[in-house]
Amino acid sequence: MSIDLTAAFDFTDRVHVIREMKRYKVPHNITKWLADIITERRIKVDYKSATSKVRHTISEVSQGTVLAPFNYNVASNGAIEIVLGEPLVECRNYADDAVFIIRGKNKDAMRLSTSAALSRTTRWYKEDGFQNNPYKCFYTIITFTHTSPTLELFIDGKKIREEENLVYLGVTLDKKLPGKAHFQKAAEKAKKRIRLMQSAAGVSLGASLNKLMLTYRTYVKPILEYGTEVFATTTDNHIEILNKVQNQALRIASVAVKTTPIVAMEAYCKVEPLLQ
């Protein structure tokens, strides 16, 4: 289940961040240093020839900095601690992307545990100044059975919708973890990057094989391989979605004709098939 907060960084209370750091017994000098940074922020707006007055920021932590996710995680970690006491439910939090993981075989038990966890965290978020966005919260049921149960879950009286796929940290999770949806997205993104190789390639004046393969290994291949460890139950047909993109890159790098065997290109470019 994906949990969304409205403007998470904007509603992070700086006083709460400092209080939580003290509760976690962070060394005093580090706590004081961070407190000075997040409480002494001032802003002004420049528009054409006009400049506003310098004003003190009231609540939010600075976005776009390394410290922003850290501040938010410190402030929101209490919600994770609340979920820890709930059976069947786990919480994973990366910056402002939070998910509930509910494991079980009994539909009613899963629904009750999830509802209790949602109620606790929603109350905690409100008390600490955060705002849940139920319209952007959704859940996906991952099961290897033929029938998929439906859970009726609510946040502030609003029903949470069910989605076919759940995207978390760039990985698309589908109902039986075949990986097809994730592989298709990765392939489309990688194909756009292959255009750089096409621009640099040429029969006589283009980049060398080593440079083209360096481009592939550093710029294209990471897109194809990202998150594939999750899909241990995938099939060869789904893996072939990624291998077709790699084969396209190898043909560009090796300047091979379409009738060239794939095995020959892999040997020439010193590349193994993906997910082997």
Would you mind checking which residues have amide H under 5 Å from residue 173's amide H? H placed 1.01 Å from N; only 5 or more apart, or other chain.
166, 167, 168
Mind checking the full-extension length gain between residue 44 and residue 136? Use 0.36 nm per residue of separation minus the Cα-Cα distance, one decimal, nm.
29.9 nm
Given contacts defined as C-alpha pairs under 8 Å and at least six residues apart, what's the relative contact order of region 223-276, whole-number percent?
40 percent
Gain on full stretching of the segment that runs from residue 214 to residue 240 - 0.36 nm per residue minus C-alpha separation:
7.1 nm
Could you check which residue among 244, 221, 25 shows the biggest mean-square fluctuation in a GNM of the chain with a 10 Å Cα cutoff?
25
Using the alpha-carbon atoms, what tilt in degrees (0 to 90, nearest 10) does helix 107-127 show relative to the longest principal axis of the chain?
60 degrees
Pairs 244/270; 180/258; 126/176; 158/189; 25/136: which exceed 23 Å Cα-Cα?
180/258; 126/176; 158/189; 25/136
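Go through region 29-110 and name the GluC sites (Glu not before Pro) that are in a DSSP coil and have 16 or fewer other Cβ atoms within 10 Å of their Cβ.
Numbers: sites: 40, 60, 81, 90; in loops: 40, 60.
For GluC sites (Glu not before Pro) across region 29-110 that sit outside H, G, I, E and B with at most 16 neighbouring Cβ atoms in 10 Å, the list reads 40.
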For the chain, set up a GNM with springs between Cα atoms under 10 Å and report which of 185, 258, 211 has the largest fluctuation.
258
Can you give me the distance in nm between label points at residue 200 and residue 95, each placed 7 Å from the Cα along the Cα-to-Cβ direction?
2.7 nm
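Hey, what did the chain get for relative contact order, percent, Cα under 8 Å, at least 6 apart? List each step's numbers first, then the result.
Working: 357 pairs, mean separation 43.1, N = 276.
Rounded, it is 16 percent for the chain.
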With Cα coordinates, the longest principal axis of the chain makes an angle with the long axis of helix 28-39, in degrees rounded to 10, of 90 degrees
Angle between the chain longest axis and helix 180-200 axis [Cα atoms, degrees, rounded to 10]:
60 degrees
Sum of -39500 (n - 2.57) over DSSP H runs of 4+, divided by residues of the chain (222 nm, nearest 500)
-14000 deg cm²/dmol
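Per 0.36 nm of contour for each residue apart, how much would the distance between residue 67 and residue 30 grow if the chain were fully extended, relative to their Cα-Cα spacing? Please report the intermediate quantities before stating the final value.
On the way: separation 37, 0.36 × 37 = 13.32 nm, distance 1.26 nm.
Contour length minus Cα-Cα distance gives 12.1 nm.
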Suppose all protein chains stay in the model; what accessible area per residue would a 1.4 Å probe give for the chain, in Å²?
60 Å²
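The values are calculated or read from the model by the stated rules, or taken from the named source; none is laboratory data. These figures come from a predicted structure and were not determined experimentally. In this analysis, Cβ positions are derived from the backbone assuming ideal geometry, glycine residues included, and neighbour counts consider all displayed protein chains. Each accessible area value is taken on the protein alone, full model and side chains, heavy atoms only, with ligands, DNA and RNA left out. Shrake-Rupley method; radii C 1.70, N 1.55, O 1.52, S 1.80 Å.
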